[in-house]
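> The structure is given below, and queries will be raised subsequently.
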Amino acid sequence: MKNSAFGFLPPSNLLKGVLLTLCSFFLIELVNAQNDSIAVVGIVKGDDVNLKGSTLKVYYKNHLAIERNLTNHKALVNLPLNEYCTLEFSKEGFIDKRIVFDTKTELINIEVDKYEFEIHLLAEEWILDELESDLDFPIAILRIDPEKGRLRPDDAYSEYLWNLQRNAIEASADETVQYSTLKN
């Protein structure tokens, strides 16, 4: 048996060694590439049922980067680290909703867990036109918690927006009741 150019592998095993090295290199690069982003999975609902056919727009620093029509009710996107990203969900007959992801981190080689959420779009008919502008804000802001390696909502902002949304719905319901009472 002849020795290979490396002197320690027979020629048939040389090719296997080179392929194994290349595969290892690409696998390491694939893992590193995944560490540069955060997987985000959203379930879109409307009227408490899965909502098919909505549109997802992803903005990086307020510039449209991705626009996708969702054929089912699930949205999957990888958000880059160290960006300010906004996901906007929309569908005809519903009020658009946005979520802001602040993926900035000073840590190197941080692994952030996949983030899963449900987003409920409100039917336009539930909200009075003059109150729609009260809901034209991101419904949540999420930031990386470096100690836990996951995205966490800004609780104070989320509570404020939840109350604003609830008040708009209640005000719209009150107006609808008053209008129907006057009409009869």
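Throughout, read-outs are computed from the coordinates displayed, never taken from laboratory work. What you are looking at is a predicted structure, and each value in this text was computed from that prediction instead of being measured. Note: ideal-geometry Cβ built from the backbone for every residue, glycine included; neighbour counts use all protein chains shown.
> Quick one: order H73, H63 by neighbouring beta-carbon count within 10 Å, fewest to most. Each step should come with its number before you reach the end.
Numbers: H73 17, H63 7.
Going from sparsest to densest Cβ surroundings: H63, H73.
> Taking the Cα of K45, stepping 7 Å toward and past its beta carbon, and measuring to each backbone N in segment 72-103: which are under 14 Å?
Of the residues in segment 72-103, 73-74 have backbone N under 14 Å from the label point off K45.
> How do K148, K97 rank when sorted from fewest to most other Cβ atoms within 10 Å of their own Cβ?
Numbers: K148 10, K97 23.
Going from least to most buried by this count: K148, K97.
> ³J(HN,Hα) across segment 156-170 via Karplus (A = 6.51, B = -1.76, C = 1.60, θ = phi - 60°), whole Hz, x for Gly/Pro?
With the stated coefficients, segment 156-170 comes to 5, 5, 4, 5, 4, 5, 4, 5, 4, 5, 4, 5, 5, 5, 5 Hz.
> Something else now. Over 28 Å between C-alpha atoms is what I'm after, so list which of K52/K104; K74/K104; K52/K114 land there. Could you put the intermediate results ahead of the total?
Details: K52/K104 32 Å; K74/K104 25 Å; K52/K114 22 Å.
Table pairs above 28 Å Cα-Cα are K52/K104.
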